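The values are calculated or read from the model by the stated rules, or taken from the named source; none is laboratory data. Here the structure is a predicted model, which is why all the values come from computation and not from measurement. Backbone-built Cβ (ideal geometry, glycine too); neighbour counts: all protein chains shown. In case anyone asks, the SASA skips ligands and DNA or RNA and just uses the protein heavy atoms, side chains included. Shrake-Rupley method; radii C 1.70, N 1.55, O 1.52, S 1.80 Å.
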Amino acid sequence: MDMRMMSPDQATEKEPLVGSRSSSGRVWTMSLVLSIACAIIGNSLQFGFQTSCMANTQTLLNEKFHVSDVTMSTMVSGIAMGGLVGGLSAGLIADRVGRKMCMALNNIPMLIGTALMALSFNEYFFIFGRVIGGFAVGIATGIAPMYISEISPVSIKGGVGVSHQFMITLGILIAFVLSIKDVLPETGKEEWRWHVYFAFPAVPALFQLLVLPFCPESPNWLYYNKEREDLAKNALTKLRKSREAAEEEIEAMIKERTAGTSSVMVTYGQFLTNPTLRLSLLIGVVLQCAQQLSGINAILNYAPAIFKDAGESNADLAPISVGAIFNLMTFVS
């Protein structure tokens, strides 16, 4: 991984911001909105839904497959098993084939995993589908923020980045709402609805496949990875609806790249020996540990059981409040 640090002299230079708003370019364009929607609906929403879709369905699946607690926990954690591999692979695949192609290809394991879960006739097929779907979700949660950040002007990158997290929380809420008894009966002649429930991820996947051809490739990838200044300029022109704005951003990329050639390479070892880098690394690790140790994953996967043990009479409906609070706090942020 090519990690560079700017020297103090370079850091004081005022370089143009790549993706900043120019006097001739618009911040929000139809192409930009469509591209962001394509990325967050086809990727971020998937992550949220797949994370929480097991919360209210474990009893139903146990009645269907008659599995042990260990097997059920494996069915729940299958998404994390695949997600670990997918998350580590996202950057490599995106750099290799491009952000746009990575999203398109990622729908293959997403749809395969969805089909295996929705059409499962035993627990093994279901677990296999969860792992494959988890791999796709891992890639999705890596490629979505990468793509929307690279196509957005600097002035709105923060807000656009929040849209990724908001769509994740929306996916969590949708998973909770669609799994309540009135929508997904546990028994009776309408038991087939659980198949439809686990087929839901096919909807955002198909939406992305239909919309993606109309979205431009990441200008950053075209310029920095493929070294195609002409294609990067065309992508920026489509996103900004202004040839002049595209040329300004390309000039900023050229200056940024020129300044980067004289930057100092940072090795992984320096993250441990350099006090400044070590502090940054420590903060990142602590934040991730705090997120896991907070128990939020247990709440998302076992919310009904937790509320039931706490004495809540409507344990199946209570998780909806969790999803609603997630959405509210993300919106506030």
Failed item in (1) open to solvent by less than 20 Å² (accessible area, probe 1.4 Å); (2) part of a helix (DSSP H, G or I); (3) at pLDDT below 95; (4) among the aliphatic types (A, V, I, L, M), with Ile40 passing the rest: (3)
Residue list for the range 112-144, restricted to those being of a type outside the set (Ser, Thr, Tyr), surrounded by fewer than 20 Cβ atoms within 10 Å (Cβ to Cβ) and assigned to a helix (DSSP H, G or I): Ile112, Ala115, Ala118, Glu123, Phe125, Phe128
Restricting the range 205-259 to residues that are assigned to a helix (DSSP H, G or I), polar (S, T, N, Q) and closer than 17 Å to Leu34 by Cβ, the residue that is most open to solvent (accessible area, probe 1.4 Å): Asn234
Any hit, the range 307-319, residues being touching a Lys or Arg at 6+ places or on another chain (Cβ under 7 Å), more than 25 Å from Lys157 (Cα to Cα) and free of Cβ contacts under 8 Å to residues at least 40 places away in the same chain: yes
Hits in the range 292-320 - residues which are at pLDDT below 85, small (Gly, Ala, Ser) and open to solvent by 60 Å² or more (accessible area, probe 1.4 Å): Ala310, Gly311, Ser313
Close pairs (9 angstrom Cβ cut-off, 6 or more residues apart or separate chains): closer than 12 Å to Tyr223 by Cα and among the β-branched types (Val, Ile, Thr) in the range 238-265, open to solvent by less than 80 Å² (accessible area, probe 1.4 Å) and at pLDDT 85 or above anywhere: Ile250/Pro219; Ile250/Tyr223; Ile250/Glu229; Ile250/Ala232; Ile250/Lys233; Ile250/Leu236; Ile254/Tyr223; Ile254/Glu229
Close pairs from the range 66-87: first within 14 Å of Gly129 (Cβ to Cβ) and in contact (Cβ under 8 Å) with a residue 60 or more places away in the chain, partner open to solvent by 20 Å² or more (accessible area, probe 1.4 Å) and assigned to a helix (DSSP H, G or I), Cβ under 7 Å, at least 6 apart: Val76/Asn301
Single condition Gly161 does not satisfy, out of (1) touching a residue at least 12 places away in the same chain (Cβ under 8 Å); (2) assigned to a loop (DSSP other than H, G, I, E, B): (2)
